[in-house]
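A short worksheet on the structure shown next.
The values are calculated or read from the model by the stated rules, or taken from the named source; none is laboratory data. For clarity, every value in this text was computed on a predicted model and none was experimentally measured. Ideal geometry is used to build each Cβ from the backbone, glycine not excepted, and the neighbour counts take in all protein chains shown. To get the accessible areas, we keep the full protein, side chains included, count just its heavy atoms, and leave off ligands, DNA and RNA. Shrake-Rupley method; radii C 1.70, N 1.55, O 1.52, S 1.80 Å.
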Amino acid sequence: MTHRILVIPGDGIGAEVMPHVLRVLDTLDLDLSFESGELGGVAIDRFGTPLPTPTLEAARASDAVLLGAVGGPKWDGLPMEHRPEKGLLGLRAGLDAFANLRPAMLFAPLADASSLRPELVAGLDMLIVRELTGGIYFGEPRGVEDDNGRRRGFNTDVYTEDEIERIARVAFDLAGKRAARLTSVDKANVLEVTQLWRTVVTEVHADFPNIELDHLYVDNAAMQLVRAPKQFDVIVTGNLFGDILSDAAAMLTGSLGMLPSASLNAKGQGIYEPVHGSAPDIAGRNVANPLATILSAAMMLRYSLGEADAADRVEAAVNTVLEDGIRTADIMPAEGADGVRKVGTEAMADAVIGAL
Ligand code: IPM
Ligand code: MG
């Protein structure tokens, strides 16, 4: 069976890295068909909108979307509705990709690249499950309005019971395939919407008696993440807290340049993208780390295409390359280490292909 993939390179290092990731996929000898779509800044430039209708239609018709990154200073001045990020949010919402899986695992050879002491992060393997199509990102009303000649800005954090229940089920399921521990993160001491979050997660727990559940307030969770990150197995949280905590968790592993993500809907279709953004400051210089997007492609093989063996091969190849001391700039050890060689984007992808 042919797997249909919509490839969206996007902006900045997203567009720069994507051709190399496709080269990696090509070496796998799978039956993959690629179509390409535009999103973000490039789409604004060409079509006047960050999410052209053909892109969304192609995404709906595909088995999976492989996405680079969107955004850049060129479009930062645009009104909110026309910014590149709106294209990304529209794609997530348009596919109903509510379950965002952000694993933070430390490849052993990178223990020295973390900003935490190696013993705090060695063996780290956690998964953040972020609700992606609700909460304050999408809540209404929202805006900036005039208030007697002074401006007033507002957003709404809102979750329905159904939205909380479906993301909780995904998280409990995933915890069951791992170490069977789930931490739900909220701010139930202040926000009603997250009191409901805590209540519903606790109710869903009744269907998953083998999973150990605990609850943390988000401020405490942020502190625990940098104090003792290995205490976590799976974290489930809402859209905004998940955005913030996943950047912090990513950095524990040495670099944002290493972290993949999957955003799944109920049909198993997914958007696969690195956690890092478009990094306009380094784009076009052949220095970006392609591993986060390569690992996102591996997640795509596993979660949407049913090609778990191929996913294992890609992840093993990445590990081999790191063991061989091959590093992009972002994962170079602070103090020069023996047997480590700094390479650019293209050579890093070549190394993965070599290992495959
Ligand atoms: C992410 C990004 C996006 C988000 C931005 C680019 C809209 O930070 O995927 O974490 O906030 O969801
Ligand atoms: Mg983010």
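Every residue, every condition in (1) in contact with an Asp or Glu (Cβ under 7 Å, 6 or more places away or on another chain); (2) farther than 18 Å from residue 257 by Cα; (3) not polar (S, T, N, Q), yes or no:
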residue	(1), (2), (3)
282	no, no, yes
298	yes, no, yes
314	no, no, yes
328	no, no, no
346	no, no, yes
| query | Within the range 233-242, which residues are more than 14 Å from ligand 2 (Cβ to nearest atom) and either crowded, with 24+ Cβ neighbours inside 10 Å or within 14 Å of residue 111 (Cα to Cα) (or both)? | reply | 234, 235, 236
| message | Quick check on the range 135-156. Is at least one of its residues open to solvent by less than 10 Å² (accessible area, probe 1.4 Å), outside any helix (DSSP H, G or I) and free of Cβ contacts under 8 Å to residues at least 40 places away in the same chain? | response | yes
| said: If the requirement is being surrounded by 20 or more Cβ atoms within 10 Å (Cβ to Cβ), of a type in the set (D, E, K, R), in contact with a strand residue (DSSP E or B) (Cβ under 9 Å, 6 or more places away or on another chain) and farther than 19 Å from residue 264 by Cβ, which of these qualifies: 214, 186? | reply: 186
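Looking only at the range 6-22, decide whether some residue is modelled with pLDDT of 95 or more and more than 20 Å from the chain's Cα centre (by Cα).
Among the residues of the range 6-22, not one is modelled with pLDDT of 95 or more and more than 20 Å from the chain's Cα centre (by Cα), which makes the answer no.
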